[in-house]
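Read through the structure below, which is laid out as structure tokens, and then see the notes.
None of the figures in this text is laboratory data; all of them are computed from the coordinates on show. Keep in mind the model is a prediction, meaning the values are calculated, not measured. Cβ coordinates were reconstructed from backbone atoms using ideal geometry, including for glycine residues, and neighbour counts include every protein chain displayed.
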Amino acid sequence: MEANYQFTPAQEGTYHGVFQHPVARDLSWPEVRSMLGAMAKVVVGHDGAIQVTRNGQSLVLPRPRKNVAQVQEVMEIRRFLDRSAPAPGV
């Protein structure tokens, strides 16, 4: 768990859901958006897509839906969190 963030219980559960094995297929989009907003800058585009930026890394996610159900979407979020994690001790 990333220690520098103050997650709500729902955000913490979503964070763990992103990294669970097998890949979660029922993550709530509002909770994913909330979790990302707690740890990164989130900008909503005119088309409803969101751009998430953290530590110089960015991820663009398409217009939100009710759930993040596609394995590819969850893996993109997971890879973004991994590559944008703060360096140890930061």
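A few remarks follow.
- Of all residues in the stretch 50-90 being surrounded by 14 or more Cβ atoms within 10 Å (Cβ to Cβ) and in contact (Cβ under 8 Å) with a residue 60 or more places away in the chain, the one that is nearest to R25 (Cα to Cα): R78
- The number of residues in the stretch 31-44 being touching a residue at least 12 places away in the same chain (Cβ under 8 Å) and either within 17 Å of E73 (Cβ to Cβ) or loosely packed, with under 12 Cβ neighbours inside 10 Å (or both) comes to 8.
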